[in-house]
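Values in this text are rule-based calculations from the coordinates and carry no lab data. Predicted model only: the values in this text are computed from it and were never measured. Positions of Cβ are backbone-derived with ideal geometry, glycine not excepted, and every protein chain shown enters the neighbour counts.
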Amino acid sequence: MISLTNVSKHFGRRALLVDASFQLDPGEKVGLLGPNGAGKTTLFRLIVGEEDPDGGQVSVPKSATIAYFRQDAGEMTGRRVLDEAILGSGPLGALHLELAELEAALADPAREHELDTLLERFGEVQGDYAQQGGYELEARAREVLHGLGFRDAQIEGDVGELSGGWRMRVAIAKVLIGQPDVLLLDEPTNHLDLESILWLEEFLRGSRSAVLMTSHDREFLNRTVTRLVDLDDGELVSYTGDYDFYDGQRAERAARQEAAFTRQQAMLKKEERFIERFEKHAAKAAQVQSRVKKLEKIEKLEPPRRRVLVPFKLPDAPRSGNDVVTIAGLQKRFGDQVIYDGLDLEVKRGERWCVMGQNGAGKSTLIKLVAGVIEADGGSVRLGASLKLGYFAQSSLEVLDPSLTVWETIDSAFPTATLGSKRNLLGAFDFPGDEIEKPVSVLSGGERSRLVLARMLYDPPNFLVLDEPTNHLDLATKEMLVRTLTAYEGTMLFVSHDRTFLRGLATKVLDLAGGGDERGRKPLVFHGDYASWVERTGHEAPGVWH
């Protein structure tokens, strides 16, 4: 369906694609991998025609419909959420918008003199809309919006009143509703909770659309794609299978490249030693010249590029008391909405609690109550003795000083620490070499998250309170963070939608849905790890059943 043949693309002096070839077949589900800056977004832009290749050919059938979700929702205001979502579904979306505008005009007393013209046009548009399946489109739009976590009141509300994260969900809905031939998805899970991620997995598996997507969620890739394409150093390398299979195959390929490079280096050194030893011996002149020519013809192998993030060895955190948090009779409401009405919970030293719950159940509210950001309306939240609390929230990214560099951020926080230890820390969080000189002002969301976490964990608190710490982190960084925190001996209370993080770290579960899918049930305090909770409740997230 879509093919790239010997495509080259440069960004300044940097080669993003070098004679790269790739094909996406009808209905195929493909994951696109590669480090930040490798050119994944450029590849999407080449496919949709927003950029042209420097060389080679990008072939897209003229009849193919392509929907592209990108990390920029754009302006959304003045429409219902439902209307905004349907607007992205091509010509039928345009008819839906005109129908909504005609309905508003017919109800406007100031346009009463146009009534006959408006009624005539309304009849024409309504007929075309119905004939082309417009009302089925509305039903599909509601189904998609519900799957992405929207309540009925939100669907009927003004899209302009939504937060940035919810507008991103509308942007995802816009590309899904129209059932295009090709879906290009750039990190679709970034702004979704676990319930919506699980719904999206099911939707994509059942979709007839071909899919090419990037994602930093290993489990999501495992369940949705049948092939992965690795973009690195200008080359596109395809691996058939899920992410786990790709991970093993990539390691084997790297090992083969390493062995071939090592063998060639040994051979080159041997030949060079012979040439150096006998270049002035007349009797060996012919052999020397022969070997010189041989070396000139050899295609030199490059050492395999490896991005290995070594887990940071955490210093020992100070020991806390046995009772870390005691919550008794907790009450919290926002307006008429009751979030907590008598919650009891005890967190002991060394436990790692994950908080599960549907959107709006109060996960982040509980984190903020424990961190002291907001106060309870009733009951008590008591922190234990000798606690040093570290709190990570999405707003934590805003506390970084944009005038400092990455290095200055860490150096100013720990002025007496050794240079080596600080460089090791930044290397573990993927700031190698000259990357430490980057100004905070130009860092991406993922880079800022890594920097905040690095600063927090260099001198670790004995109680970590984390609200979605893996948002914007790529796969390698998330896996490094899990390995780092596995060795952490303090206490954790966290919210996460990443199943690798949940499986790797949670030893206790607070299920705000009470082990079921109904709101308002008494929370379930589960004294077992995440995998055991899944087995106990029959679902991976509240409200999403196997």
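Given the alpha-carbon gyration tensor of segment 243-378, what are the semi-axes of its equivalent ellipsoid in whole angstrom, ordered largest first, with each equal to the square root of 5 times an eigenvalue?
70, 18, 12
Can you give me the distance in nm between label points at Ala139 and Ala417, each placed 7 Å from the Cα along the Cα-to-Cβ direction?
5.9 nm
How many angstrom lie between the Cα centre of segment 250-268 and the Cα centre of segment 314-384?
Answer, in whole Å: 52.
What is the calculated FRET efficiency for Lys294 to Arg205, with r their C-beta to C-beta distance and R₀ = 45 Å, to the nearest 0.05?
It comes out at approximately 0.25.
Find how much the distance from Arg13 to His281 grows on full extension, using 0.36 nm per residue of separation minus their present alpha carbon separation; answer in nm with one decimal.
Stretched fully, the Arg13-His281 segment lengthens by 92.0 nm.
Could you give me the radius of gyration and the Dmax of segment 88-219, taking only the C-alpha atoms into account and expressing both in angstrom?
17.4, 60
Quick one: compute the contact order of the chain, relative version, from alpha carbon pairs under 8 angstrom and 6+ residues apart, as a percent.
14 percent
Give the lysines reachable from Lys62 as a straight Cα distance under 26 Å; neighbours fewer than 8 places away on the same chain don't count.
Lys9, Lys29, Lys40, Lys174
Order 233-243, 111-121 from most to least packed using the mean count of other Cβ atoms within 10 Å.
233-243, 111-121
Of the listed peptides 193-205, 249-261, what is their order by residue-averaged count of other C-beta atoms within 10 Å, with the highest listed first?
Listed from highest to lowest mean packing, they are 193-205, 249-261.
What does the helix-only formula give at 222 nm for the chain: each DSSP H stretch with n ≥ 4 adding -39500 (n - 2.57), the total divided by the residues, and the result rounded to the nearest 500 deg cm²/dmol?
Computed mean residue ellipticity for the chain: -12500 deg cm²/dmol.
Could you let me know the centre-to-centre spacing of segment 463-541 and segment 10-50, using Cα atoms, in angstrom?
When both Cα centres are located, 34 Å separates them.
Treating the beta-carbon of each Lys and Arg as +1 and of each Asp and Glu as -1, no other charges, what is the dipole magnitude of segment 323-545 about its Cα centre, to the nearest 20 debye?
Roughly 420 debye for segment 323-545.
Segment 76-153 to segment 164-189: how many Å between their Cα centroids?
Here the answer is 19 Å between Cα centres.
Rounded to the nearest 0.05, what FRET efficiency do Glu51 and Val442 give with R0 = 30 Å and r taken as the Cβ-Cβ distance? Could you check?
Efficiency, rounded to the nearest 0.05: 0.85.
Can you give the FRET efficiency for Asp377 and Asp25, using 1/(1 + (r/R0)^6), R0 = 60 Å, r = Cβ-Cβ distance, to the nearest 0.05?
0.60
Starting from 0.36 nm per residue, how many nanometres of slack lie between Ser59 and Asp316 once their C-alpha separation is accounted for?
86.9 nm
Residues in segment 67-101, backbone N under 17 Å from the label point at Leu119 (7 Å along the Cα-to-beta-carbon vector): list them, ranges by number please.
Zone members listed by number: none at all.
Which whole-number percent of Cα pairs in the chain have a distance greater than 37 Å?
Above the 37 Å cut-off, the chain has 44 percent of its Cα pairs.
Could you pull out the pairs from Lys270/Lys313; Lys269/Lys478; Lys348/Lys478 whose alpha carbons sit more than 32 Å apart here?
Too far apart for the 32 Å limit: Lys270/Lys313; Lys269/Lys478.
In whole angstrom, and with the biggest value first, how far do the Cα coordinates of segment 323-545 range along each principal axis?
Here the Cα extents, ordered largest to smallest, are 52, 33, 31 Å.
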